[in-house]
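The next block holds one structure in the form of structure tokens; read it before the comments.
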Amino acid sequence: MSRVEVQIPLRWADMDAYGHVNNVNQVRLMEEARVAAFGVPGGTGSPVAQAGKVDLFENVGDHVLILVVDHAISYVQQLPYRDVPVRIHVWMDKIKGASFRVNYEFFDGHDGALTTRASTTLALFDETTNRLVRLPEQHRAAFAAYTDETE
């Protein structure tokens, strides 16, 4: 299965004085793409189930949070503000004991140019014990379906 493609609308406020999407807002787009691709983390928000939606993050366990460990971003070229959504490819790799990495490639919604390569490392954390939690085997297998080792 590997990569999931999502389309995220740009907001006027995403643009900075240079006319492109500001680097801080690209981190926000990464978060929106991750949730659009893999679902809302369990115990957060009030999601409404949609037919066919991938929902890898909903049932990781009671009191288990999915926390950001780090982000890495490489800007290939500017992502200009457009009135069309940015296309973002999202996939996983480096699925380890308690952590995994989500990768992103941003493509300009107008001309299709690759603009950004990025990743987020996430870890499972039990809020009651304040300790990392090992990724359950069924989740490890489900996450593996969204890996792409071609890079």
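Under 5 Å between amide hydrogens, built in the peptide plane, is the criterion, and for V133 it picks out L124, F125, D126 among residues at least 5 positions away or on other chains.
Accessible surface computed residue by residue for the chain, with neighbouring protein chains in place and a 1.4 Å probe, gives 55 Å² per residue. Note on surface exposure: Y104, Y75 rank Y75, Y104 by accessible area, highest first, 1.4 Å probe. Rg/Rh, computed from the Cα trace of the chain with Rh as the Kirkwood radius, has the value 0.98. Residues T116, T128, T147, ordered by accessible area of protein heavy atoms at a 1.4 angstrom probe radius and largest first, appear as T128, T147, T116.
The share of accessible area on the chain that comes from carbon and sulfur is 51 percent, using a 1.4 angstrom probe.
Quick one: if the Förster radius is 30 Å, what FRET efficiency do K96 and V24 give, using the C-beta to C-beta distance and rounding to 0.05?
0.60
What is the distance in Å between the Cα centroid of the range 57-132 and that of the range 1-16? The range 57-132 and the range 1-16 have Cα centres separated by 12 Å.
Taking each DSSP H run with n ≥ 4 as -39500 (n - 2.57) and averaging over every residue of the chain yields -5000 deg cm²/dmol at 222 nm.
Computed over the range 100-151, the P(r) tail beyond 13 angstrom holds 72 percent of alpha carbon pairs.
Sorting E105, E31 by solvent-accessible area of protein heavy atoms yields E31, E105, largest first, with a 1.4 Å probe.
The values are calculated or read from the model by the stated rules, or taken from the named source; none is laboratory data. Only a predicted model underlies this, so the values are computations on that prediction, with no experimental measurement involved. Note: ideal-geometry Cβ built from the backbone for every residue, glycine included; neighbour counts use all protein chains shown. Note: areas computed on protein heavy atoms with side chains; ligands, DNA, RNA excluded. Shrake-Rupley method; radii C 1.70, N 1.55, O 1.52, S 1.80 Å.
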